[in-house]
Every structure is written in C-alpha cells, then in structure tokens.
Amino acid sequence: MHLLDMNSLRTILYSRKHFLISSTFSSYTTSPISCRFYLAPNSSLFHYAHLSTHAPNADPLAGSGPEHEKGRNVWSIYGSVSSKLATQRVGSSIDGKDPEPSIGVQNGDGSEDLLNKKTSESVRKVGLEDRLTCKPNSGKVVGLKKKNKVSWVCSNCGHSEGQWWGTCQSCHMVGTMKQFSVGNDSGGERRTWLPKEVTNVNPLRLTDVNRGINTQDWRLPLPGPFGNEVARVLGGGLVPGSLVLIGGDPGVGKSTLLLQIAAILAEGCGEGGSKSVVYVSGEESVEQIGNRADRLKIQTENLFLYSSTDVEDIFEKIQPLSPRALIIDSIQTVYLQEVAGSAGGISQVKECTSAFLRFAKITGIPIFLIGHVNKSGEVAGPRLLEHIVDVVLYVEGEKCSLHRLLRPVKNRFGSTDELGVFEMLPSGLEVVSNPSEMFRRDHNGNFNSEHLTGLAVAVVMDGTQTFLLEIQALCSSSRSFDTHVNGIQNRRADMIISVLMKQVGLKLQTSTIFINVVSGVTLTETAGDLAIAMAICSSFLESHIPNDIAFIGEIGLSGELRMVGRMEKRINTVAKLGFKRCVVPKSAVNCLGVVGLGEMKLIGCTNLKDVINNVFMVRDEVTTPSMGSF
C-alpha cells in the first residue's frame with residue numbers, strides 16, 4: 001500500500017469517525033448473506049458497499065447495490081492496527097424502527113469476524129465489548145453479562161465467607177475454605193421452606209389451635225421396650241409432620257436404629273389409616289436392606305423399601321402409598337435436578353432438606369433423615385441444616401463398647417435432657433434395663449483386698465439418666481511431682497490435687513499420680529470431684545474404700561463440699577442399687593432428709609477432712625486419731 005493511501009486513511013479516520021463508529025452496537029447474528037467489497041481505482045479507502053440477505057435458493061447477487069432499499073448499507077474501512085477491512089452495517093428498517101449498526105472485520109480469506117481483541121484503539125475507547133448489549137442510538141448500556149456469585153465454604157463445618165481466608169473463622173481449621181459458585185436463579189421460581197399456595201388461611205387464636213385435638217393421641221405411639229425408649233427421647237412419641245435428623249459416626253448404628261423404628265411404626269400403628277412405612281436408601285440396594293432386615297428378624301408386610309436419590313422421584317413414588325412415615329438414608333446422597341451442584345453439596349443439602357420440610361408440613365407425614373458427620377462429629381453440611389429440621393438426634397458410642405447413646409441436641413416437641421441407652425447385639429439394638437450400672441463392674445471381694453485400693457464410685461448425670469462411674473487413682477513415689485489423667489480434665493485434676501495438699505495436708509509433692517475413669521468415659525461434671533479426691537487419698541494412704549459407699553459432691557478451693565444439681569434423683573438411684581452409705585454435702589442432708597432411702601445411710605460432711613475421718617478413720621465403730629498424723 002502506498003504512503004498516499006495511508007495518509008488518506010488517517011484523514012478519514014479522524015475527520016469522519018462519527019460516520020464510521022456508532023455509539024451503540026448490537027451483537028451480530030449469522031445468516032446466509034452475500035456481500036461485496038471493492039476498491040475504486042482512485043485509491044480511496046473509504047467506500048460504500050452493499051450487504052443483502054437472501055434465501056437459500058435465491059440469487060446471491062440479486063438486489064446488490066446502493067440503490068436497493070431492502071438491503072443493508074455497509075461502510076468499509078481499512079484498519080491500520082488490525083491490517084484488515086472493518087465494516088459498519090446500517091440496516092434499513094422496514095417497520096420504521098431505528099437501524100441496528102454493528103462493526104465487523106473482513107479477514108484476508110474473505111471471511112468476516114466480529115471486532116474483538118484486534119480492533120483499533122479508537123473503537124475500544126467507545127466501549128465496544130462482546131459482553132455488552134446496547135440499544136441503537138441510545139448511548140446507554142441496558143444489559144450486562146451477569147457473573148455468578150462466588151463464596152468460600154469451609155469443608156469441615158460448612159461456614160461460608162465472602163472472601164478467602166486461610167483459617168475458617170468458625171471452626172479455626174486451616175486450609176478448609178473451598179471456592180463455591182452459585183448460579184443465577186433469577187429466571188426460576190423462588191423456593192421457600194413452606195408453600196405459598198395456601199388459600200383461605202388466616203391467623204388463629206392460640207386457644208383455637210388445639211381445640212378438638214387430643215394431645216395424648218396426637219403423637220404416633222412406638223410400642224415395646226425399644227419403642228418406649230425412643231419415644232421418651234422424642235418427647236413422648238413421634239409428632240405428625242415432623243422432620244427428624246439423626247447423625248452419628250460411620251458404623252455406629254444409624255441405619256439399624258431407623259430400620260427398627262420403621263418396623264415398629266409399620267406393625268403397631270393402631271387402628272384406622274395407612275400402616276405403610278417407606279424406607280428410601282441412596283447408599284444401599286433394596287436387596288442389601290432386605291438382608292439387614294432378615295438379620296434383625298423384621299418380617300412386616302407394611303414396610304416398603306425403595307432405592308433412589310432423586311427427590312422428585314421419591315415424592316412421586318410414595319404419594320400413592322400415603323405412608324405413615326418416610327425414612328431417607330441419607331440426606332447427603334439425594335439431589336434436586338433444579339439445583340446446581342452434586343449431591344452432598346452445600347446448596348443441594350439445604351434445598352433437599354427444605355423440600356422434605358415442605359412435604360412433611362403439607363402431608364403431615366413424619367420424615368426421618370440420616371446425616372453424615374464430619375471430623376468434628378457434627379452433621380456434615382451447612383449449619384442451616386440443623387435449624388431447618390424439628391429434631392436433631394445423635395447416636396454416640398465407642399468402637400470398643402457395645403453401648404449406644406441416643407442424645408437429643410434439638411427438640412421442638414420435648415426436652416433435650418433425655419437420653420436413650422441401648423446395647424448393640426447381633427439381633428439389633430436393645431434397651432439397657434439398668435443404665436445406672438452399665439459403667440460399673442461388680443467387685444464383691446474382700447474389703448482388705450489390695451485391688452480395691454484407689455477405687456471410688458462417683459454418681460453423675462447425663463440428661464435425665466443417672467450413671468455410676470468408677471474412678472481409679474494410683475500414687476507412686478518419684479523424685480518429682482507429675483500427673484497423668486485419662487477421662488478427666490487436666491486442670492480439674494490439678495485443682496483437686498492442690499486442694500488435697502494445701503487443705504488436707506497430704507504430702508503429694510514427691511508422687512506421680514495416675515487418674516483413670518473406667519470404661520473410657522469422659523467425666524465433665526463437677527459432681528465427680530469428691531470421688532476423684534477419695535480415690536487419690538485411698539491410693540496414697542494405702543487404705544481401701546468399702547464397695548458399698550458412693551460419693552456425690554463438688555469440691556471448692558478451701559476444701560468445702562458443695563451441692564450439685566438434681567441431688568435427690570442421684571441419691572434415690574444410689575439407694576435403689578443397694579448401696580449402704582452415700583457421702584454428700586451436709587447441706588443436702590438438711591434439705592432432702594432421709595425419708596424413703598430404705599437401709600441406705602446419708603453421711604453429711606462439710607469438708608474433705610470430715611470425709612476422710614468418716615471413710616478411712618472409722619473401722620467397726622472405732623475412731624482413729626485426727627488428720628494431724630498425715
């Protein structure tokens with residue numbers, strides 16, 4: 001190209017750019033077109049060309065030319081930056097609307113592309129981007145390509161943040177924040193927990209809500225010893241339309257528990273109505289569930305099994321059955337097709353739980369959900385999951401133990417102080433008849449046996465259940481003082497040992513002290529302080545504690561004994577188990593008295609010295625010298 005041509009091009013670009021570039025653009029739509037570009041012999045680089053659309057079988061050259069009114073006028077220029085021909089189309093509107101200008105680039109091979117990264121800088125300054133959509137001649141951007149909302153979610157606890165943090169602000173775990181993108185659902189319907197299609201519903205008076213409803217028969221009964229234990233934890237029975245979430249470690253017995261509950265509901269649902277119960281599993285096949293039912297000797301005909309992970313498919317299949325209860329195993333395996341993400345994701349778990357809640361409230365069918373747990377022992381997924389459901393239960397148990405505890409964490413229809421105690425057997429879960437002694441072994445040996453030295457019985461409570469725990473202590477001589485504890489808080493043990501040295505006068509500075517709670521239980525209640533202190537005294541003094549005595553009380557820093565909660569129930573439990581004596585704070589004797597205790601005797605003490613005098617210094621009604629000999 002000659003120098004004269006380049007100078008002519010620059011003159012055109014700067015003097016007539018308001019003809020070349022429009023302030024508004026529209027996206028280019030491909031269609032069968034015919035276009036011709038030409039350069040006149042006079043070397044002028046600004047020309048008029050014609051672009052016309054035609055049918056597949058029409059003459060591609062028909063109607064071409066400046067004089068054709070139905071065609072689309074095209075301006076063509078030579079871009080000095082892109083080294084290509086750039087075209088501006090101005091379509092003549094038939095219906096009288098404004099033309100739709102656009103910019104295109106002709107490649108060397110004759111093909112035409114939209115103006116993108118290789119456009120001239122003068123075009124870029126006016127804001128031409130292929131993500132903008134503008135109205136003709138308006139000069140205002142009316143639409144932008146919307147971006148997805150990005151959040152950072154902790155894979156351990158489900159806590160979400162708007163930006164990335166190296167440490168989760170909730171559980172303080174390092175490296176657990178994962179990027180999570182939420183799509184734009186503005187075009188779809190908004191999903192809510194409760195349906196909006198309710199008509200002719202007005203606010204009701206509180207006195208009118210339960211009118212005509214027998215609250216005793218309102219809940220679904222769970223007959224039998226196993227069912228009664230579960231019903232007690234639920235608050236007296238299963239509430240219609242409730243959503244119950246059950247969590248626990250892998251292999252603790254969640255599926256076994258719910259399969260036994262399903263069998264009880266299907267067998268003893270009373271007269272009238274449907275007795276069918278549907279058990280849906282997304283982790284096991286129907287044959288695998290049936291094999292477990294055979295092992296548990298469940299043979300009811302009203303229990304239906306189904307394997308699916310699609311929530312809409314589950315609703316469609318169970319509606320003809322109109323079941324009395326629905327069990328989902330588990331919430332992390334099901335999904336909704338309208339929600340982005342895979343099953344078990346944050347959005348899927350939340351929306352699926354909301355769908356089950358709406359279904360339960362509309363139909364009145366109670367639904368059980370099994371939830372997986374994370375490393376910290378909480379239900380995996382967003383914390384919102386526990387807020388949506390009505391009841392949250394946890395199945396707890398050690399791998400080395402056969403006992404299982406069903407503990408309520410949240411219950412809208414009852415107390416969270418209840419505790420169900422079961423035992424895992426080959427035939428399934430069975431109720432423990434006497435949970436108070438499940439952590440205590442029988443030791444009816446001789447009182448002078450050295451094996452009983454350093455052993456004391458503590459009376460603690462978990463919820464409404466009373467348990468008797470054995471506390472063991474061992475004091476061995478050493479050059480330096482050291483403590484090793486198992487099942488007790490280190491600071492609590494150090495405080496009790498310090499009180500024994502300061503207030504009682506025991507020379508424990510040259511001893512290594514070991515403290516252990518039998519059966520691997522963790523003691524968190526202060527009612528076990530007195531038993532811990534007596535176990536240490538027994539080992540240090542090398543004097544056994546009679547096996548018919550129990551200890552209840554909290555120890556203060558000055559060595560005094562303090563009251564603990566529910567003292568009356570603790571004492572009654574000790575009396576029922578056949579203990580002869582129970583050491584308690586003296587204030588408890590003055591408040592409760594000794595009525596109804598049978599042969600058991602309450603020993604009221606004010607401080608640790610009184611306890612030692614009554615336990616170790618009395619042998620067959622003979623009192624030994626005072627504490628000064630220690």
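Remarks
- Filter result (of a type outside the set (D, E, K, R) and either assigned to a strand (DSSP E or B) or surrounded by fewer than 17 Cβ atoms within 10 Å (Cβ to Cβ) (or both)) within the range 310-326: Phe315, Gln319, Pro320, Leu321, Ser322, Ala325, Leu326
- Scanning the range 510-523 for residues that are at pLDDT 90 or above and surrounded by fewer than 19 Cβ atoms within 10 Å (Cβ to Cβ) turns up Thr512, Phe514, Asn516.
- So Gly505, is it surrounded by fewer than 18 Cβ atoms within 10 Å (Cβ to Cβ), touching a Phe, Trp or Tyr at 6+ places or on another chain (Cβ under 7 Å) and either under 26 Å from Ser401 (Cα atoms) or not aromatic (Phe, Trp, Tyr) (or both): yes
- Residues of the range 436-476 classified as modelled with pLDDT under 90 and farther than 23 Å from Phe422 by Cβ, total: 11
- In the range 327-355, of all residues being out of contact with any strand residue (DSSP E or B) (no Cβ under 6 Å at 6 or more places or on another chain) and under 20 Å from Leu259 (Cα atoms), the one that is surrounded by the fewest Cβ atoms within 10 Å (Cβ to Cβ) corresponds to Thr333.
- Test: residue in the range 338-351 that is in a loop (DSSP other than H, G, I, E, B), touching a residue at least 12 places away in the same chain (Cβ under 8 Å), of a type in the set (Ser, Thr, Tyr) and closer than 19 Å to Ser281 by Cα: no
- Pairs are defined by a Cβ separation below 8 Å, a sequence spacing of at least 6 or placement on different chains, a first member in the range 518-532 that is small (Gly, Ala, Ser), and a second member that is in a helix (DSSP H, G or I); the pairs so defined are Ala527/Arg570.
- Pairs, first on the phi < 0 side of the Ramachandran plot in the range 161-172, second polar (S, T, N, Q), C-beta under 8 Å, six or more apart: Glu161/Ser151; Glu161/Gln169; Gly162/Ser151; Trp164/Gln179; Cys168/Asn156; Cys168/Thr176; Cys171/Asn156; Cys171/Ser376
- The set of residues in the range 259-289 that are at pLDDT 90 or above, part of a loop (DSSP other than H, G, I, E, B) and surrounded by fewer than 16 Cβ atoms within 10 Å (Cβ to Cβ) comprises Glu283, Ser285.
- A count restricted to the range 217-258 and to residues that are in a strand (DSSP E or B) and β-branched (Val, Ile, Thr) stands at 2.
- Cβ-Cβ under 6 Å pairs, at least 6 apart or on other chains, the range 608-620 side under 10 Å from Val583 (Cα atoms) and surrounded by fewer than 18 Cβ atoms within 10 Å (Cβ to Cβ), far side of a type outside the set (S, T, N, Q) and modelled with pLDDT of 75 or more: Asn614/Ile603
- From the list Val395, Val421, Val431, Val391, the one residue that fits, being closer than 18 Å to Val239 by Cβ, in contact (Cβ under 8 Å) with a residue 60 or more places away in the chain and in contact with a helix residue (DSSP H, G or I) (Cβ under 7 Å, 6 or more places away or on another chain), is Val391.
- Cross-chain or 6+ apart pairs with Cβ under 8 Å, the range 583-599 first and over 14 Å from Val611 (Cα atoms) and at pLDDT below 90, then buried (at least 16 other Cβ atoms within 10 Å of the Cβ) and β-branched (Val, Ile, Thr): Ala588/Ile552; Ala588/Ile571; Leu592/Ile571; Leu597/Ile571
- Listing of strands (runs of 3 or more DSSP E) fully contained in the range 462-571 that carry 3 or more residues being not hydrophobic (A, V, I, L, M, F, W, C): 465-477, 482-486, 511-517
- Within the range 186-207, at least one residue is more than 29 Å from the chain's Cα centre (by Cα), of a type in the set (Val, Ile, Thr) and either at pLDDT 80 or above or surrounded by 10 or more Cβ atoms within 10 Å (Cβ to Cβ) (or both).
The values are calculated or read from the model by the stated rules, or taken from the named source; none is laboratory data. The shown structure was predicted, so the numbers you read here are calculated from the model rather than taken from an experiment. Please note: Cβ atoms are built from the backbone with ideal geometry, for glycine as well, and neighbour counts cover all protein chains shown.
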